[in-house]
Amino acid sequence: TWWLGRNFKSIGQSCSFRPLLNINCPQGISLGDDVVVGSFCWIGVYLEPGYPQGSLTMGNRVHIGSNSTILARNLIKIGNRVLIAQRVSILDNFHEYQDVDKAVIDQPISEGGEIIIEDDCFIGVNSVILQKVKIGKHAIVGANSVVTHDVPSYSVVAGSPAKIIKRYDFKKKAWITVK
């Protein structure tokens, strides 16, 4: 961890990385305390000539399950106490594809859009979080969901595309199913 950590923009106390971590441009990554990155993960930022470097920031007690991918072309900010399950993809960009005379692999990465995941969230297994999305405080993303729009605080979303299925009612002190 010390050897990897010296290349990051900043790294907090008690961070750990499971074997076979793939990192792009660690100088654009800031980690809080007690960040755990599972096996076979890919985290990073893009650094392309002519574009500003992306930024990936994680707060304290962020735990990322194995085989997950978090790549920032622009900005991905993950709050405190966020639990990300296995095989989750968080991508603020996509490959351009408009030029049909070029293979997609030969086209640039989009400029992207910010992704903000606020404190106390849970992102379920196999979920995908796409660009220009804000996930509010204590929101839950169900397994196998594709998040393409903002998720309000204290709500549960599921599906592809993800839709709100529950909200927390503070008066009743209970999670209420949305019909």
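The values are calculated or read from the model by the stated rules, or taken from the named source; none is laboratory data. The structure presented is a predicted model; accordingly, all values stated were derived computationally and were not measured. Quick reminder, even Gly has a Cβ in these numbers, built from the backbone with ideal geometry, and neighbours come from all protein chains shown. Remember, those area values only see protein heavy atoms, side chains included, never the ligands or the DNA or RNA. Shrake-Rupley method; radii C 1.70, N 1.55, O 1.52, S 1.80 Å.
Remark: C-alpha extents of segment 109-179 on the principal axes read 46, 21, 19 Å, sorted largest to smallest. Using only the Cα atoms of segment 131-170, each taken as one equal point scatterer with no solvent, compute I(q) by the Debye sum, divide by I(0), and report log10 of the ratio at q = 0.23 Å⁻¹. One equal scatterer on each Cα of segment 131-170 leads to -0.64.
GNM on the chain, alpha-carbon springs under 10 angstrom: the most fluctuating residue among Val36, Val133, Val100 is Val100.
Each 10 Å bin from zero up to the one holding the largest Cα-Cα distance in the chain carries the following percent of pairs: 10, 37, 33, 15, 4, 0.
Surface composition of the chain: carbon plus sulfur atoms hold 54% of the accessible area, using a 1.4 angstrom probe and ignoring ligands, DNA and RNA. The order of the peptides 11-20, 149-158, 164-173 by mean Cβ neighbours within 10 Å, most packed first, is 149-158, 11-20, 164-173. Specify which residue in the list Leu47, Ile117, Val157 is farthest towards the positive end of the charge dipole of segment 21-179, using unit charges on the beta carbon of Lys, Arg (+1) and Asp, Glu (-1), about the Cα centre. The listed residue farthest towards the positive side: Val157. What is the calculated FRET efficiency for Ser10 to Tyr51, with r their C-beta to C-beta distance and R₀ = 25 Å, to the nearest 0.05? In this case the efficiency is close to 0.70.
Electrostatic tally near Lys179: other residues with Cβ closer than 13 Å to its Cβ, Lys and Arg +1, Asp and Glu -1, net +3. Take every DSSP beta bridge whose two residues both sit in the chain; close to 20 percent of them are antiparallel. Note on the chain: with charges restricted to the Cβ of Lys and Arg (+1) and Asp and Glu (-1), its dipole about the Cα centre is near 940 debye.
Given a 1.4 angstrom probe, what's the average accessible area per residue across the chain, in square angstrom? Could the numbers behind the result be given before it?
Details: 9540 Å² over 179 residues.
Value for the chain: 53 Å² per residue.
Of the trypsin sites (Lys or Arg not before Pro) found in segment 26-77, not one falls in a DSSP loop while having at most 15 other beta-carbon atoms within 10 Å.
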